[in-house]
1. Being assigned to a helix (DSSP H, G or I) and open to solvent by less than 70 Å² (accessible area, probe 1.4 Å), is that true of even one residue in the range 532-539?
2. Can you tell me which residues in the range 405-456 are part of a helix (DSSP H, G or I), open to solvent by 30 Å² or more (accessible area, probe 1.4 Å) and under 15 Å from LEU491 (Cα atoms)?
3. Is the range 208-219 home to any residue that is modelled with pLDDT of 50 or more, part of a loop (DSSP other than H, G, I, E, B) and under 30 Å from ASN504 (Cα atoms)?
4. Hey, any hits in the range 522-533 for a residue that's hydrophobic (A, V, I, L, M, F, W, C), out of contact with any strand residue (DSSP E or B) (no Cβ under 8 Å at 6 or more places or on another chain) and farther than 27 Å from PHE220 by Cβ?
5. For the range 375-390, does any single residue satisfy the condition of being of a type outside the set (Lys, Arg), open to solvent by less than 30 Å² (accessible area, probe 1.4 Å) and touching a helix residue (DSSP H, G or I) at 6+ places or on another chain (Cβ under 6 Å)?
6. Report every pair of residues separated by at least 6 positions or lying on different chains whose Cβ atoms are under 6 Å apart, first residue within the range 540-562 and farther than 19 Å from LEU582 by Cα, second among the hydroxyl-bearing types (Ser, Thr, Tyr) and open to solvent by less than 40 Å² (accessible area, probe 1.4 Å).
7. Within the range 343-358, track down each residue that is among the small types (Gly, Ala, Ser) and outside any helix (DSSP H, G or I).
8. Residues ALA413, ALA419, ALA434: which one is within 19 Å of ARG526 (Cβ to Cβ) and without any contact (Cβ under 8 Å) to a residue 12 or more places away in the chain?
Amino acid sequence: MRSRVPAGRPSRSRPRVSTFSPIAPGCTAKPRSASSASNSACSRCTCRRFGCVGSRATRDRCFTLSPRCASPSTPRPASRRIEPVTGLLKACAPLRATATTTACIPALLPSSGRAVEGIAVRRPRRAARSRRHATGPGRGGVRSRTQGAVAPLAAGRHHAAHEPARRRPPPRRPCRRAALRRHPARGGGAGQDLHPRHARRRHRRVQRAGGGAAALVNAFQVHCQEYDSLHEGAVLHAMATLLPALLAEAEARPVSGADLITAVVAGVDVAASLGLAARQGWRFFRPATSGGFGAVAGLARLRGYDAARTMAAFGMQLGQASGTMQAHAEGSPLLPMQIGFNARAAIQSCDLAEAGFAGLDAPFEGRFGYLPLFEGAWDCAEVLDALGRVWRVTELSHKPFPSGRATHGGVDALLALRAAHGFTAEQVESISVAAPPLINQLVNRPALPAPGAAYARLCLPFVLAKLLQHGRIELSQFRGAALADPVTYDLARRVTVTRVEDPNPNALLPQAMEVRLRDGRVLTHRVETMLASPANPLTREQHLAKFRSCWAYAAEPLDPAGAEALIGLVDRLETLPDLGPLLACLSPPG
């Protein structure tokens, strides 16, 4: 019989360790190998059992981290060990649920232009055909309960710490038949091929991941195109963090359309109020930090929390709040990923509060609370007085262009000047935009010959150059060869942005544009209100045109009939007894 060292009795030569990942709690993967034994355990619950690990070589083999987006400098578990908090895991069911792994993080990396319901995860092969694969209280396991958007992931093979090292079988010979390129949005990477027979087998193992993982992915995809709504006064994308968390909750239990609307209103009020209370410029990425508190408020409303439990959830969220502006300054995909981090944290914060964990007495205005730590200077008097009288959801601006909202004042001005004077890109000698300090902080960055997509969307010279070149701004201009177009780079170098002082640190307007033409004419235009703001809203036809263009631009083709069905459901959202039909329209095909 195979010997087993009982957990809880580690020896000096067998230190107690647990695996970790820089991506998600408990996310690990074995090194890639051609053997079926190693490929069968692509995802598993690493927190299922904390035991005693043998030699360093065994630990390296069994606990090597290999997520594709991990840094090469990620410490290996053999060199840095983390002590497991087994008592906390036993006491709190939500923490056990977050131990579920999602090994296909590459699904986060492509900008698919659409939301997905969860992360596809490969089920380990023959997971229930052997006793050593079994989990449960009788075998030292920790069961992952269903959370949020999904059924629990299939249990992986038994923790390798309790098994002797075995020689791997020889690698199988590669298949010589025609290969099928794997689609990146389904978990594969560029340049990886899969035989159709294996692709079908792999597709049958795809499951939907937990609510926290689904909220992370969907929040990332909501913001990664810079096409989501914004509260201009708070400078906050409130819906990006809020809506994915609420939809994950709506798949975990029945939620009516009216309840969803109420939760959205509550969440936007909390998130926008925190931004409106700020009295100095951005120190952290506010859509992620204060947006997370809005998601907590919306979830608390859906779950029917009282004031004490809601405050406990806010305290948990403060402990997890994150969002560095360095990602914005560099134009990094980490920027929208931070939205996802805080959406996932909101679900975890509510789960912890529901489990009875104590929060904080003053998570917002305490000495080290959110406002002094993240905003620096603040005044809550006005926003508190407006609660219950002013609904911030009615103040949202809905972006008409897929770029940073701070670029839209310049876009409006250039569109107005071209409509009035009809000049072409070749006639333009220079363009100057005078704007408040926040515009300079967010989108005044040098043009690059081949910028990344995230950088280009937040670069006012690049956006104006694309507008001069094509007469419009659309999604295709921020992908592939369009990013390295030398004509765009030449036009972008003619654009300069100057700073105009403004006492309001959150001001996006006014903006003034001056265009100098080669024939000597100087054209000027001043923008006081941007298109798609509450004072200058889009028409219904413009809203639907934007929605249909996004639907058609999905990485995988979507049924046009599904778009029309979704429009009809949203039109009567407040009358829906359950969101099931609406969520079914959002599901990827197959």
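1. no
2. GLU426, GLN427 - these are the residues of the range 405-456 that are part of a helix (DSSP H, G or I), open to solvent by 30 Å² or more (accessible area, probe 1.4 Å) and under 15 Å from LEU491 (Cα atoms).
3. Just the residues of the range 208-219 that are modelled with pLDDT of 50 or more, to begin with: 208-219.
In the following step, the residues that additionally are part of a loop (DSSP other than H, G, I, E, B) were identified as 208-210.
Then drop every residue that is not under 30 Å from ASN504 (Cα atoms), which leaves none.
Looking for residues that are modelled with pLDDT of 50 or more, part of a loop (DSSP other than H, G, I, E, B) and under 30 Å from ASN504 (Cα atoms), one finds none in the range 208-219, hence no.
4. No.
5. Yes, the range 375-390 contains at least one residue that is of a type outside the set (Lys, Arg), open to solvent by less than 30 Å² (accessible area, probe 1.4 Å) and touching a helix residue (DSSP H, G or I) at 6+ places or on another chain (Cβ under 6 Å).
6. If the second residue must be among the hydroxyl-bearing types (Ser, Thr, Tyr) and open to solvent by less than 40 Å² (accessible area, probe 1.4 Å), the pairs left are ALA555/SER112.
7. The first filter runs over the range 343-358 and keeps only residues among the small types (Gly, Ala, Ser), leaving 343, 345-346, 349, 353, 355-356, 358.
Passing the criteria: ALA355, GLY356, ALA358.
8. Details: ALA413 fails: without any contact (Cβ under 8 Å) to a residue 12 or more places away in the chain; ALA434 fails: without any contact (Cβ under 8 Å) to a residue 12 or more places away in the chain.
Matching residue, one of ALA413, ALA419, ALA434: ALA419.
The values are calculated or read from the model by the stated rules, or taken from the named source; none is laboratory data. The model shown is predicted, which means the values in this text are computed figures rather than measured ones. Cβ coordinates were reconstructed from backbone atoms using ideal geometry, including for glycine residues, and neighbour counts include every protein chain displayed. We work out accessible area using only protein heavy atoms, side chains counted, and drop any ligands, DNA or RNA first. Shrake-Rupley method; radii C 1.70, N 1.55, O 1.52, S 1.80 Å.
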